[in-house]
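Visitor: I'd like to ask some things about the structure below.
Every read-out reported here was derived from the displayed coordinates using simple, explicitly stated rules and does not represent laboratory data. A quick note: this is a predicted structure, and the numbers were derived from the prediction, not measured. So basically every Cβ, Gly included, is an ideal-geometry build from the backbone, and we count neighbours across all protein chains shown.
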Amino acid sequence: MRYTPHTASDKEQMLRTIGLSRIEQLFDHIPQSLRERAAISLASGLTEVKVKKRMAALAAKNATPEGWTFFLGGGIYHHAIPSTVDAVISRSEFSTSYTPYQPEVSQGTLQAMYEFQTLMCQLTGMEVSNAGLYDGASATAEAVLMARRIQSESRRRVFVSRSLHPQYRAVVSTYLRNLEDTELVEIPFDRNGETDAEFLAREVDEKAMCVVAGYPNFFGVIEELAPIQEACARSGALFVTVTTEPLSLALLRPPGAWGADIAVGEGQSLGVPMSLGGPGFGFFTCRKKFVRSLPGRLAGETVDHEGRRGFVLTLSTREQHIRREKATSNICTSQTLCALAATVFMATLGKSGMRRLAEVNVCRAHDAQGRLVKDAGLAPVFTGPFFNEFVLRSKGLARSQSRFAAEKIIPGISLAPWYPELQDCLLVCVTEMNEGEEIERLVRTFSGD
Amino acid sequence: MSEHSPGTDLRRSAPPLIFESGSPGRSGFFWPEEKGEGGEKIPSELLRDDIPGFPELGELEVLRHFTRLSHLNYAIESQFYPLGSCTMKYNPKVNEVVARLPGFSSLHPLAPPELIQGALELLYELEEMLAEISGMAHVTLQPAAGAQGELTGLMVIRACLRERGNPRRKIIVPDTAHGTNPASSTLCGYEVVQISSSNRGMVEAAKVAEVMDEEVAALMLTNPNTLGIFEKNIQEIAEVVHKKGGLVYLDGANLNALMGIAKPGDMGVDVLHINLHKTFSTPHGGGGPGAGPVGVKSFLRDFLPVPRILKKDGSFVLREDFAKSVGRVRSFFGNFGILVRAYAYIISLGSDGLEEASRMALLNANYLRKKLEGAYQLAYPEPCMHECVFTDRLQQRHGVATLDIAKRLLDYGFHPPTIYFPLVVSGALMIEPTETENREILDAFADAMNSIAREAKEHPDLVKGAPYTTPVGRLDEARAARKPVLRWEPAKE
């Protein structure tokens, strides 16, 4: 049978060793009423050739950037991934190993985790980073839960900017729903597409637990974070930033420099394929003084009995396998292989490559935005500065859909389902993967020529 | 074996950190300059200088670094990995090949549904296949891991009970449960009531009845439990819980023991999660990504997370308008790349192959148990399913503990079993061979374990000083926790 190496003679000898004659005797202590209904009714197994055919047939029904021209971002980004990344993460020594609970035979994974933590600290300008969480949305929820552990019970109002990714807001709301003392307050956005500073000044007070804002936010806008930092400093709330496009942090003033207490986000854009939005990884960084409240795994440096440097999982008394119901989180994974992909990605690009790639994104996105406004007559919706995504209004959006389909272009993400106030608005993302010719076609198709 | 390794073998020594090598200006990335500097489009007060300390390496340097790191790892494809409760089975290569098809790996989650029909079809079918295997009515694939599946399942239970009038306050968890069970309960706003299992390693219905009242929302049970024992009273236990209006949650971590043998859906289970990185062969990746789908009985369907995938006139649509839903637990569609691998695994094996997998998992575990029971004390005499638990009681007489046995196994070239878990067994050694291992490797592992048992008797200090042959010796974990160093920093001038 596929993947089970037992020959008839193996089975017979093994059963004899155990003192049985039939396989079924291994489970005859299970109630008969359960056993008699247990047969699985699925198709028969397929040969490897047929498996590949079936999978290829399913894959062929999907639109990929090879056949279509994408201008999609909104939390998942199409970037160039150096071949070094898949070469490393395909190595079975990394992909088929378990969580490094036996550090003597897991130094590869542990050192890479430690390097990952360092890279994320450098990129975000924060003091400590964990080894990874599920995704940006649950990392945001974990940040709020950490703020709840740190803050006193008199602070139970969570302020979340409406310009934060709508799915992230939804996940935060799901996680908080059953913690009945905690209240979620939405902060509106202003004309710039930034978190409303007047609202912050008015509403964030001594009851505030934390303020959460996107950087860049869901509209692609690079928010001026000083008003949020000031509101937090004044009121004692914790300042949480969320970054869905961490490549931008190679160029932008990092959350740490803005005074963030916790900076989280989605790491997919750093070397992980889009893969319909998962798996990627959530990153989680914060001030050092909060480290014992941190959710998730941490690799730390130590030495062996001979003084050789080595790495171990550490501060695990925060975690579920030790602390059970008192753990800082229930999480039991760190999306390690995806975090490794990001580590290889950042190591390959390095200091200059990361910045260059970020600049190419800014260049192309601004070029495209300018052309769409000037030549295709679309209206910019927000005035704030942006990285590689921007919002435009196009009155004829619904009508032009068939034209885009014919051209095999997906021009962006329609915002109306999440923001009724943003009818006819499109979130357009342009990365280094969009060549000039693609932008040309996008402008032409919008113009209707 | 007792000789100390010189530690000079390049393949076995750690490379410097990526921050400690390289040279300013070096990069493995080439992209010619484009018109207009990017920074000029953005106000300067929003920009940073370069990233201090960031690596500056060439491409070959990067590859050598990570290749050398990889040599320091133990992995399924190098050797047997008998970790109990982790199901370290072979991760088939074809799954890796198909998951990398651009038609899966290059999909954007916000593309219009009509342009990702193949992906939605795969997800829809995977939900149905997992429902069939587990005997549940509906499945959501959104949770990113087992623990997130637990949280999702408990949220579903809470939403259902809230609708019935009272979300209740407590969750019953046996002392043999995974630590995630109580941690997820807390996160869902519940108090944990722990019950002890019997001297036969099982939960007794009478014990549940003692603590079961109208404030208990659910009982969380793992079956087979973490002792590898089938909870044969589960139907009776479910009845006790249901009578008082509670629900039964099954931690499906050990589903690898049950395929074709017993379906959780027939056991009185209302909600369960499944770890695709265990039973369904997706790689562990050194600690994720995994996936933790949740299955429910039909009366709980409307509480499942959104979006849900529905089939309509032969095509697949996404729907979010379910008023009773617990909401969204993860962005987009969960860990799609992992779901693709699990789908490929299921269609590769089919019904017969899945059933045979569970049978051979039981055969391998019982075989190892037989081979080891002379030298090690079994925690419980009950029949075992896919894993078995021993203790260090016999070795303790010579001052040798489970940790020593585990470290000594490394010198024999084997990864240790899961140790000190479940917590109810003092010095537990929890062994799960899985079905993909052959008899010869099981024999070799048993020989190593039995040899260590002899060493424990004759040369206990040899065992207590292990390991001798690994790239680093026993690491000082207390020091790491006392003064945490969690990142590299440049040396201060």
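Visitor: Which entries of A:Lys50/A:Lys408; B:Lys243/B:Lys278; B:Lys243/B:Lys297 have Cα-Cα distances beyond 28 Å here?
Guide: Numbers: A:Lys50/A:Lys408 30 Å; B:Lys243/B:Lys278 33 Å; B:Lys243/B:Lys297 17 Å.
In this structure, A:Lys50/A:Lys408; B:Lys243/B:Lys278 exceed 28 Å between Cα atoms.
Visitor: Ok, one more. In bins 10 Å wide, starting from 0, what share of all Cα pairs of chain B does each bin hold, as a percent?
Guide: 4, 17, 24, 24, 19, 10, 3, 0
Visitor: So how strong a dipole does segment B:356-479 carry about its Cα centre when Lys and Arg Cβ are +1 and Asp and Glu Cβ are -1, to the nearest 20 debye? Before the final figure, lay out the partial values.
Guide: Working: 14 positive and 18 negative charges, 69 e Å.
So the magnitude is around 340 debye.
Visitor: Between the alpha-carbon centers of segment B:118-160 and segment A:124-201, tell me the distance in whole angstrom.
Guide: Distance between centres, Cα-based: 26 Å.
Visitor: Let me ask another. Compute and list, largest first, the equivalent-ellipsoid semi-axes of the protein assembly as shown from the alpha carbon gyration tensor, each √(5λ) rounded to a whole angstrom. Walk me through the numbers before you get to the answer.
Guide: Details: eigenvalues 392, 200, 150 Å².
Gyration-tensor ellipsoid for the protein assembly as shown: 44, 32, 27 Å.
Visitor: May I ask you to evaluate 6.51 cos²θ - 1.76 cosθ + 1.60, the Karplus curve with θ = phi - 60°, for each residue of segment A:90-98 and list the ³J(HN,Hα) values in order in whole Hz, giving x for glycine and proline?
Guide: In residue order, the calculated couplings are 7, 5, 5, 4, 8, 6, 10, 9, 9 Hz.
Visitor: Summarise the partner chain shielding of B:115-125 as one whole number: the mean count of Cβ atoms from other chains within 10 Å of each residue's Cβ.
Guide: On the way: counts 9, 5, 4, 9, 7, 4, 4, 7, 1, 0, 1.
Per-residue shielding by partner chains comes out at 5.
Visitor: Using alpha carbon centroids, what distance separates segment A:427-449 and segment B:371-425, in Å?
Guide: Going from one Cα centre to the other spans 63 Å.
Visitor: What are the residues whose amide H is under 5 Å from the amide H of B:Ser281, where those residues sit 5 or more places off or on another chain and H is modelled from the backbone?
Guide: When sequence neighbours closer than 5 places are left aside, there are no close amide H contacts.
Visitor: Among all the aspartates and glutamates, which ones have a C-alpha under 13 Å from A:Lys326's C-alpha, if same-chain residues fewer than 8 places away are not counted?
Guide: A:Lys326 reaches B:Glu191.
Visitor: If you take the charge dipole of the protein assembly as shown about its Cα centre, with +1 on Lys and Arg Cβ and -1 on Asp and Glu Cβ, which of A:Ser402, B:Ala375, B:Tyr468 is farthest toward its positive end?
Guide: Comparing the listed Cα positions along the dipole, B:Ala375 ranks first.
Visitor: Turning to a different aspect of this structure: Cut-off under 14 Å on the C-alpha distance; same-chain residues fewer than 8 positions from B:Lys263 excluded. Which aspartates and glutamates are left, in chain and number order?
Guide: Within reach: A:Glu36, B:Glu132, B:Glu231, B:Asp251, B:Glu355.
Visitor: If you don't mind, there's one more thing I want to ask. Treat every Asp and Glu Cβ in chain A as -1 and every Lys and Arg Cβ as +1, leave all other atoms uncharged, and give the resulting dipole magnitude about the Cα centre to the nearest 20 debye.
Guide: On the way: 49 positive and 50 negative charges, 170 e Å.
Here the size comes out at about 820 debye.
Visitor: From the helices alone, meaning DSSP H stretches of at least four residues, give me the mean residue ellipticity at 222 nm for chain A, per-run term -39500 (n - 2.57), in deg cm²/dmol to the nearest 500.
Guide: Details: 14 runs with 161 residues, N = 449.
Estimated from H runs of four or more residues: -11000 deg cm²/dmol.
Visitor: Once you average over the residues of A:164-174, how many Cβ atoms of partner chains fall within 10 Å of each Cβ?
Guide: Numbers: counts 0, 1, 2, 6, 2, 1, 8, 6, 2, 2, 11.
If you average over the peptide's residues, the count of other-chain Cβ atoms is 4.
Visitor: Fewest Cβ neighbours within 10 Å first, please rank A:Tyr134, A:Tyr101 accordingly.
Guide: On the way: A:Tyr134 36, A:Tyr101 18.
Going from least to most buried by this count: A:Tyr101, A:Tyr134.
Visitor: When the scattering of chain A is computed by the Debye formula from its Cα atoms alone, each counted once and equally, what is log10 I(q)/I(0) at q = 0.11, 0.13 Å⁻¹?
Guide: -0.95, -1.19
Visitor: With the cut-off at 1.5 for a/c, could you classify segment B:131-249 from its C-alpha gyration tensor as rounded, prolate or oblate?
Guide: Values: a/c = 1.43, a/b = 1.15, b/c = 1.25.
Judged from the Cα gyration tensor, segment B:131-249 comes out rounded (a/c under 1.5).
Visitor: How far apart, in nanometres, would the label points at A:Asp190 and A:Val303 be if each is projected 7 angstrom from Cα along the Cα-to-Cβ direction?
Guide: Result for the modelled spin labels: 5.4 nm.
Visitor: Another one. By count of other Cβ within 10 Å, fewest leading, how are A:Phe290, A:Phe382 ordered? Don't jump to the answer; show the numbers that get you there.
Guide: Working: A:Phe290 17, A:Phe382 22.
Ranked by crowding around the Cβ, least crowded first: A:Phe290, A:Phe382.
Visitor: Evaluate segment A:335-449: find the radius of gyration of its Cα atoms, find its Kirkwood radius, and give the ratio Rg to Rh.
Guide: Numbers: Rg = 16.3 Å, Rh = 15.6 Å.
Result for segment A:335-449 is an Rg/Rh of 1.05.
Visitor: Magnitude of the Cβ-charge dipole of the protein assembly as shown, K/R +1 and D/E -1, about the Cα centre, nearest 20 debye?
Guide: Working: 101 positive and 112 negative charges, 191 e Å.
Computed charge dipole of the protein assembly as shown: roughly 920 debye.
Visitor: Using each residue's phi in segment B:20-35, evaluate 6.51 cos²θ - 1.76 cosθ + 1.60 at θ = phi - 60° and report the 3J(HN,Hα) Karplus result to the nearest Hz, with x for Gly and Pro.
Guide: Result, rounded to whole Hz: 9, 10, x, 8, x, x, 7, 7, x, 10, 10, 8, x, 5, 10, 4.
Visitor: Could you tell me which residue out of A:Leu426, A:Met146, A:Leu200 lies farthest along the dipole of chain A toward its positive end? Charges go on the beta carbon: Lys and Arg +1, Asp and Glu -1, centred on the Cα centre.
Guide: Toward the positive end, the furthest listed residue is A:Met146.
Visitor: Now for a separate question. Would you give the gap between the C-alpha center of segment B:163-195 and the C-alpha center of segment A:336-366, rounded to a whole Å?
Guide: For segment B:163-195 versus segment A:336-366, the Cα centre distance is 42 Å.
Visitor: Could you derive backbone 3J(HN,Hα) for segment B:280-285 from the dihedral phi with the Karplus parameters 6.51, -1.76 and 1.60 (θ = phi - 60°), listing whole Hz in sequence and x where the residue is Gly or Pro?
Guide: So the J values, rounded to whole Hz, are 9, 6, 7, x, 6, x.
Visitor: Farthest toward the dipole's positive end in chain A, which of A:Thr241, A:Ile30, A:Val128, given Cβ charges of +1 (Lys, Arg) and -1 (Asp, Glu) about the Cα centre?
Guide: A:Ile30
Visitor: Sticking with this one: Among the lysines, which fall within straight-line cross-link reach of B:Lys483, defined as a Cα-Cα distance under 22 Å, with same-chain neighbours fewer than 8 residues apart omitted?
Guide: Counting by Cα, and skipping residues close in sequence, B:Lys483 has these lysines nearby: A:Lys288, A:Lys289, B:Lys492.
Visitor: Provide the convex hull volume over Cα atoms per residue for segment A:168-321, in Å³. Write out the running numbers ahead of the final one.
Guide: Details: hull volume 26.4 nm³, N = 154.
Value for segment A:168-321: 172 Å³ per residue.
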